[in-house]
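Asks: Would you mind keeping the following structure in view while I ask a few things?
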Amino acid sequence: MSIARTVPGSRAPASDVDPFSIEFFEDPHRIHGELREAGPVVWLSRYRVHAVARYAEVHAVLNDWRTFCSSRGVGMDDYATGKPWRPRSLVLETDPPEHDRARAVLNKVLSPAAMKRLREGFTAAAERKVDELLERGSFDAIPDLAEAYPLSVFPDALGMPQEGREHVLPYAAVVFNSFGPDNDLRREALADAAPHMAWVAESCQRGSLAPGGFGAGIHAATDTGEITPEEAPLLVRSLFSAGVDTTVNGIGAAVYCLARFPDQWRKLRAEPSLARAAFEEAVRFESPVQTFFRTTTRPVEIGGVEVGEGEKVLMFLGAANRDPRRWERPDEYDIARRTSGHVGFGSGVHMCVGQLLARLEGEVLLGAMARKIDSIEITGPVRRRYNNTLRGLASLPITVEA
Amino acid sequence: MPNIVFVHPDGAREELEIAEGTSLMQGATAQGIDGIVAECGGNCMCATCHVYVEPSQLALLPAMSEEEDALLDGTASERQPNSRLSCQISVTPALDGLLVNLPERQV
Ligand code: HEM
Ligand code: FES
């Protein structure tokens, strides 16, 4: 990477790095560090956007929706100048007060009280999954564990139709690739998107969703007038988009950490009640959701650099979560760390509405592993999966012993 | 700085000075207190910063938002009439001497 002092278009230090390239995905940490050191805001010359990589600036941008809006899209595309590839999300891609109305409905469906009702069933499913995998001994922890566990609980909790669930992960891959630039990943994802989009659109209708699930709960909010019947399917769609692939990569990150750092695994084995903290620290350490954009609503100064109105600003959540200005020993996975304040789930009005559900899944699964599994060993080549927003693995061959 | 007294479930007392304008949660976690988890970092989204406020001092606190009220229905330790979320209480000079009890569990 070359960092020039100034460039036309911005007074920020410039970088020609491509944070949506395969080389970057393979090893983002070194370049994250360079971007953090370059300044509080940098100019990505390749895409002609500003970016923030330090914790303080990422946190500040996340917490100022008046200046850094989401309604013009949270990807690189500006909805003010181009048409969104799908109807805009009612929560992710809106600003208050419009955002808050839809968000209140999701808050209720995914509340702490709702999580208490799910805990028992999610725990039992986690124990079954771990027993089954112990029986097998050697397996691929991505498809067989990180994907299989969320897929065994989330679609039923949402009330998804039984038929067609194989569309869930491909659909999410399209959504999270779409936030990136017009690169091969995004073009290929969108080219194959039609069947997944059709299944999701159909599945979000009231009649497709099983009673008692999150989906039915969202539609029930039309009866009280909180949202309109036209809005409900679109709000359900948010859970199809963000409810599975995120936790897949969160759980995958945690298993990868625990397999790589045996001292932390032993600590968890000795004290399984640390399972929730071990998951949370994996979300900080790996940041399964790496980036989101905002668009400025007015000229604004970031760290002494003037950024004009209507400009995209890229937030590196993963870089903020390892900023040495904020974290001690940021590159160490430490399950005893006080992680409060990390931005792996975002911050501010758009902070992840599914965070409690994600933690529940992570906690009960890692808890079951800690109680039942003695050793974890990586036994084959680890392969990364490439996505413009999500960070995670495609393959993690492991062997476990009781 | 206002002085806030935290009482742990085992009766241990911890007195912390917390700057005005800081939330009880921020002030206490920055000083390394055990018993407040604050998973959402103060965004009023997780209910793991639950505290029981000395009943005679409840009136000193800012009013409860609808969001806080709803979250308190899902706390890990049972909600009581004096339950509050510590991330929603901003410290003012009037809170000097406030006494809060920490719950058995946050998650
Ligand atoms: C480890 C797992 C997860 C991670 C790392 C994660 C990460 C995030 C992040 C960073 C945001 C902020 C977006 C922004 O600021 O623009 C977000 C928002 C959101 N997440 Fe998650 N998420 C996870 C799991 C989930 C789950 C399980 C669900 C659904 C049940 C979900 C649904 C949503 C929704 C609907 C939003 C938009 C909220 C809004 O705009 O108000 N997420 N998530
Ligand atoms: S810190 Fe999450 S609700 Fe207070």
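Please treat every number below as a calculation from the coordinates, not as lab data. Model, not experiment: these values are computed from the prediction. No Cβ is skipped: glycine too gets one built from the backbone with ideal geometry, and neighbour counts run over all protein chains shown.
Asks: Search the structure for amide H atoms under 5 Å from the amide H of A:VAL49, placed 1.01 Å from N in the peptide plane, and list their residues when 5 or more places away or on another chain.
Replies: The list, which skips near neighbours in sequence, is A:LEU44.
Asks: How much length would be gained if the chain were fully extended between A:SER395 and A:GLU202, taking 0.36 nm per residue of separation minus their Cα-Cα distance, in nm to one decimal?
Replies: 66.4 nm
Asks: Could you tell me which GluC sites (Glu not before Pro) in segment A:299-362 are loop residues by DSSP with no more than 14 other beta carbons within 10 angstrom of their beta carbon?
Replies: Hits after loop and neighbour filter: A:GLU309, A:GLU328, A:GLU332.
Asks: Now for a separate question. Could you derive backbone 3J(HN,Hα) for segment A:221-234 from the dihedral phi with the Karplus parameters 6.51, -1.76 and 1.60 (θ = phi - 60°), listing whole Hz in sequence and x where the residue is Gly or Pro?
Replies: 5, 6, 5, 9, x, 5, 9, 8, x, 6, 6, 4, x, 5
Asks: Using only the Cα atoms of segment A:32-100, build the gyration tensor, take square roots of its eigenvalues as a ≥ b ≥ c, and label the shape rounded, prolate or oblate: rounded if a/c is under 1.5, else prolate if a/b is larger than b/c, else oblate.
Replies: In terms of gyration-tensor shape, oblate.
Asks: Of A:ASN177, A:ASN63, A:ASN321, which is the most mobile in a GNM of chain A whose springs link Cα atoms less than 10 angstrom apart?
Replies: Greatest mean-square fluctuation among the candidates belongs to A:ASN63.
Asks: Would you calculate a helix-derived [θ] at 222 nm for the protein assembly as shown, using -39,500 (n - 2.57) for each DSSP H run of n ≥ 4 and dividing by the full residue count, to the nearest 500?
Replies: Per the formula, -11500 deg cm²/dmol.
Asks: Please identify every one of the chymotrypsin sites (Phe, Trp or Tyr not before Pro) in segment A:96-203 that sits in a loop by DSSP and has no more than 13 other beta carbons within 10 Å of its own beta carbon.
Replies: Of the chymotrypsin sites (Phe, Trp or Tyr not before Pro), not one in the loops of segment A:96-203 has a Cβ with at most 13 other Cβ atoms within 10 Å.
Asks: Let me ask another. From the phi of every residue in segment A:195-205, what ³J(HN,Hα) in whole Hz does the Karplus formula 6.51 cos²θ - 1.76 cosθ + 1.60 yield, where θ is phi - 60° and glycine or proline is x?
Replies: Karplus values, whole Hz, x for Gly and Pro: x, 5, 5, 5, 5, 5, 4, 5, 6, 7, 6.
Asks: What aspartates and glutamates could a cross-link reach from A:LYS372, if we take a straight Cα to Cα line under 16 Å and drop same-chain neighbours fewer than 8 places away?
Replies: Leaving aside aspartates and glutamates fewer than 8 places away in the same chain, those within reach of A:LYS372 are A:GLU127, A:ASP131, A:GLU132, A:GLU135, A:GLU271, A:GLU363, A:GLU401.
Asks: For B:GLY41, list long-range residues whose amide hydrogen, built 1.01 Å from N in the peptide plane, is under 5 Å from its own amide hydrogen.
Replies: A:GLY341
Asks: If you take the beta carbon distance between A:ARG371 and A:ARG11 as r and set R0 to 41 Å, what does 1/(1 + (r/R0)^6) give as a FRET efficiency, to the nearest 0.05?
Replies: The pair A:ARG371/A:ARG11 has a calculated efficiency of 0.15.
Asks: On a C-alpha basis, how far is the centre of segment A:47-106 from the centre of segment A:251-330 in Å? Whole number, if you could?
Replies: 19
Asks: Under a GNM of chain A (C-alpha, springs under 10 Å), which listed residue has the highest mean-square fluctuation: A:ARG117, A:ARG88, A:ARG385?
Replies: Comparing A:ARG117, A:ARG88, A:ARG385 in the GNM, the peak value goes to A:ARG117.
Asks: Does segment B:3-96 come out rounded, prolate or oblate, given a ≥ b ≥ c as the square roots of the eigenvalues of its C-alpha gyration tensor, rounded meaning a/c under 1.5 and, failing that, prolate meaning a/b above b/c?
Replies: rounded
Asks: Now for a separate question. Inside 10 Å of the C-beta atoms of A:110-118, what's the mean count of C-beta atoms belonging to other chains?
Replies: 4
Asks: 7 Å from Cα along Cα→Cβ at both A:ALA80 and B:ASP96: what's the point-to-point distance in nm?
Replies: 4.8
Asks: Convert each backbone phi in segment A:313-320 into a coupling constant with the Karplus relation 6.51 cos²θ - 1.76 cosθ + 1.60 (shift: θ = phi - 60°), then list the ³J(HN,Hα) values in order as whole Hz, x for Gly and Pro.
Replies: Each residue's phi maps through the Karplus curve to give 10, 8, 9, 8, 5, x, 6, 5 Hz.
Asks: Could you grab the relative contact order for chain B? Cα pairs under 8 Å, six or more apart, rounded to a whole percent.
Replies: Worked out over chain B, it gives 41 percent.
Asks: At what distance in nm do the modelled label points of A:THR228 and A:GLU132 sit from each other, each positioned 7 Å from its Cα along Cα→Cβ?
Replies: Placing both labels 7 Å beyond Cα along the Cβ direction yields 4.3 nm.
Asks: Using r as the Cβ-Cβ distance of A:ALA270 and A:ARG101, and R0 as 41 Å, what FRET efficiency do you calculate, to the nearest 0.05?
Replies: Approximately 0.30, to the nearest 0.05.
Asks: Note down the magnitude of the dipole of segment A:3-401 about its Cα centre, charges +1 on Lys and Arg C-beta and -1 on Asp and Glu C-beta and zero elsewhere, to the nearest 20 debye.
Replies: Dipole about the Cα centre, nearest 20: 700 debye.
Asks: Further, regarding this structure: Would you mind giving the mean number of other chain beta-carbons within 10 Å of the Cβ of each residue in B:41-54, as a whole number?
Replies: 4
Asks: Here's another thing I want to ask about it. Only counting other Cβ atoms within 10 Å, I'd like A:ARG383, A:ARG294 sorted with the fewest neighbours first.
Replies: Fewest-to-most Cβ neighbours within 10 Å comes out as A:ARG383, A:ARG294.
Asks: Taking the simple approach of a point 7 Å from Cα along Cα-to-Cβ for both B:ALA19 and B:MET1, what is their distance in nm?
Replies: Result for the modelled spin labels: 0.8 nm.
Asks: Still on this structure, please answer the following. Quick one: Cα convex hull volume of chain A, Å³ per residue?
Replies: So the per-residue hull volume is 131 Å³.
Asks: Mind giving me the FRET efficiency for A:GLU37 and A:LEU190? R0 is 30 Å, r the Cβ-Cβ distance, nearest 0.05 is fine.
Replies: 0.30
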